[in-house]
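J.: Just dropping this structure here.
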Amino acid sequence: MNTTSKSPCTTTDIEATPASLGQNPTGVAQIKTTSARIPGELGLWIFLLADMSIFALYFWVFIWNQSLHPEQFLQGQASLNHSLGLLNTVILLSSSYFAAMAVHGARGQNLDSFRRNIQLTIACGAGFLLVKAIEYGEKFSAGLHIASNEFYSYYFAFTGIHMVHVVIGLSLLTYMLLSFRTEAQIRQQMANIEGTVLYWHMVDLLWVVLFSLIYLLQ
Amino acid sequence: MTMTNLNHNKLLWVLVILLSLTALSWAAPQLVPLSSKALGALLILLAFIKVRIIILHFMEAGSAHPPLRRAFEAWVAIAGGGTLLLYLYL
């Protein structure tokens, strides 16, 4: 992990043309300054975009196969526990809120706020896994598994791959909670904190689409 | 009101909007008298609106460098548009 803090990147756009300079009685170019930055690190954003693009292909494959096996997908979707899917969506959206609050806490050098919100994010992530385990348990006890039919192949494959992302995100959040215990540490590790939270937001947004496609769409 | 409080309020509003859109997606089949195909398109649209909100406000791409924001806006357009087109025309 990077041990140095990242300073905000600033861009300066100079908007000056000969015409505008000519109209300016003082002869001083008008300078418009806009401040923008990259939270985390650029390399991580590229990774996130690549990962999200792979998931976009999953979404398309799911829709494609739904059109090939409409009855099977309709029956499969009807057999899912929609309430648990909704509960997991609410849990992950809330976890993203807590994660964003943790970043604000870290930026404000508020160690208590940072740690409390990371703990809440981890609790939500663990809750998501628990609900998913209950849901998988229901399916397994009903004799349904990844090879049962086309719908369940995609259901288990896509939610399983997403679950791996949740586990990775939880591991990073837990590492952060255990390692960053002082204000100096969170100041030094700002880029890593932002990066971990960005990854968690991606896990959240991918689930938002998976929930709609797998549970709601008919 | 301090800048920190403003940021916290904004994040809370983002969460409220996301949860409201989720509730709308959940209740849409009972609330909106649409054909099954139109309802499906609405659900896909709502999902990608939520994704865009998360990217812009939670991930802060909205206030990041313009090329970064444009790259993720493009992802939303391509992934969402592609999903919608496949759903409608397959």
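J.: Restricted to Cα positions, what overall size does the protein assembly as shown have along the principal axes? Three whole-Å values, descending.
T.: Per principal axis, max minus min of the Cα coordinates gives 76, 51, 34 Å.
J.: Provide the FRET efficiency to the nearest 0.05 for the residue A:141-residue A:79 pair, computing r from the beta carbons and using R0 = 22 Å. Can you show the working numbers first?
T.: Numbers: r = 13 Å, r/R0 = 0.58.
The computed FRET efficiency comes out at 0.95.
J.: Between residue A:68 and residue A:149, how many nm apart are label points set 7 Å from Cα along the C-beta direction?
T.: 1.6 nm
J.: I would also like to ask the following. Just which residues of the range B:31-49 lose 50 Å² or more accessible area with every protein chain there, against their chain alone, with the probe set to 1.4 Å?
T.: Those are B:43, which lose 50 Å² or more relative to the chain on its own.
J.: Another question, if that's okay. Can you give me the accessible area per residue for chain B, using a 1.4 Å probe, in Å²? Before the final figure, lay out each step's value.
T.: On the way: 4570 Å² over 90 residues.
Roughly 51 Å² per residue, with all protein chains present.
J.: Here is a further query. Would you mind working out the magnitude of the charge dipole of chain B relative to its Cα centre, with +1 at each Lys and Arg C-beta and -1 at each Asp and Glu C-beta, to the nearest 20 Debye? Mind showing how you got there, number by number?
T.: Numbers: 6 positive and 2 negative charges, 12 e Å.
For this selection, approximately 60 debye.
J.: Another one. P(r) of the range B:2-89 in 5 Å steps, Cα pairs, percent per bin?
T.: Distribution as computed: 3, 13, 19, 18, 19, 13, 8, 4, 2, 0, 0 percent.
J.: Chains B and A: what accessible area do they bury, summed, in square angstrom to the nearest 100, with a 1.4 Å probe? The partial results should precede the final answer.
T.: Numbers: alone 6480 and 11490 Å², together 14210 Å².
Interface area, both chains combined: 3800 Å², rounded to the nearest 100.
J.: Show me, for the range B:19-27, the HN-Hα J-couplings you get by feeding each phi into the Karplus relation (A = 6.51, B = -1.76, C = 1.60, θ = phi - 60°), rounded to Hz, glycine and proline as x.
T.: Each residue's phi maps through the Karplus curve to give 5, 5, 5, 5, 4, 5, 4, 5, 8 Hz.
The values are calculated or read from the model by the stated rules, or taken from the named source; none is laboratory data. Note that the structure is predicted; figures quoted are calculated from it, not measured. Glycine also receives a Cβ, built like all others from the backbone with ideal geometry; neighbour counts cover every protein chain displayed. We work out accessible area using only protein heavy atoms, side chains counted, and drop any ligands, DNA or RNA first. Shrake-Rupley method; radii C 1.70, N 1.55, O 1.52, S 1.80 Å.
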